[in-house]
1. Say we join alpha carbon atoms closer than 10 Å with springs in a Gaussian network model of the chain; which of 23, 106, 141 then has the biggest fluctuation?
2. What's the exposure ranking of 49, 54, 130, going from fewest to most Cβ atoms within 10 Å?
3. When the helix-only estimate is applied to the chain (DSSP H runs of n ≥ 4, each -39,500 (n - 2.57), divided by the residue count), what is the mean residue ellipticity at 222 nm, nearest 500 deg cm²/dmol?
4. If the label point is 7 Å along Cα→Cβ of residue 38, which residues in the range 1-29 have backbone nitrogen under 13 Å from it?
5. Against the longest alpha carbon principal axis of the chain, how many degrees, from 0 to 90 and to the nearest 10, is the axis of helix 34-46 turned?
6. What percentage of all Cα-Cα pairs in the range 1-95 are separated by more than 22 Å?
7. Taking R0 as 45 Å, what's the FRET efficiency between residue 1 and residue 128 from their Cβ-Cβ distance, rounded to 0.05?
8. In degrees between 0 and 90, to the nearest 10, how far off the longest principal axis of the chain does helix 3-16 point, with axes built from Cα atoms?
């Protein structure tokens, strides 16, 4: 199989799949290195396919068009991470990303795609079981999320509860 065929198969697997695929899984399937998969994904993106890299693997979003999005500014300490994430998914929201503003590098953004309580549990567990620090450590707890939901009411409910918990900075 040549590289063009492999990239086509990667796209088909992501479109047809119902869960993220890790780069290592793809590398093993196609008998190449993970670095080859990273390069393939970069080429696929450059060709116009929107592949998202999450902590759980690569995915192609299937829900993008019909969801309402809101960018929110929040602040909390590391012990409140699960409270923030659980509040958002409790109302059917998805935490699409986390963004911090770094004084040297500017905006640093990481895709999360946390959709449900199981995703929150996995993310928080991974955070607690590694020596990794959250991006918000760079900004004294201040960070931004893009959240999405199926309805405006869900967004309003999320914002209201985050505000009640003193996590939301500004719901402008």
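Every read-out reported here was derived from the displayed coordinates using simple, explicitly stated rules and does not represent laboratory data. Only a predicted model underlies this, so the values are computations on that prediction, with no experimental measurement involved. No Cβ is skipped: glycine too gets one built from the backbone with ideal geometry, and neighbour counts run over all protein chains shown.
1. Looking only at 23, 106, 141, the biggest GNM fluctuation is shown by 106.
2. Going from sparsest to densest Cβ surroundings: 130, 49, 54.
3. After summing the helix terms and dividing by residue count, I get -13000 deg cm²/dmol.
4. 23-24
5. 80
6. Cα-Cα pairs of the range 1-95 separated by over 22 Å account for 42 percent.
7. Given R0 = 45 Å and the Cβ-Cβ separation, E is 0.65.
8. Approximately 40 degrees, to the nearest ten.
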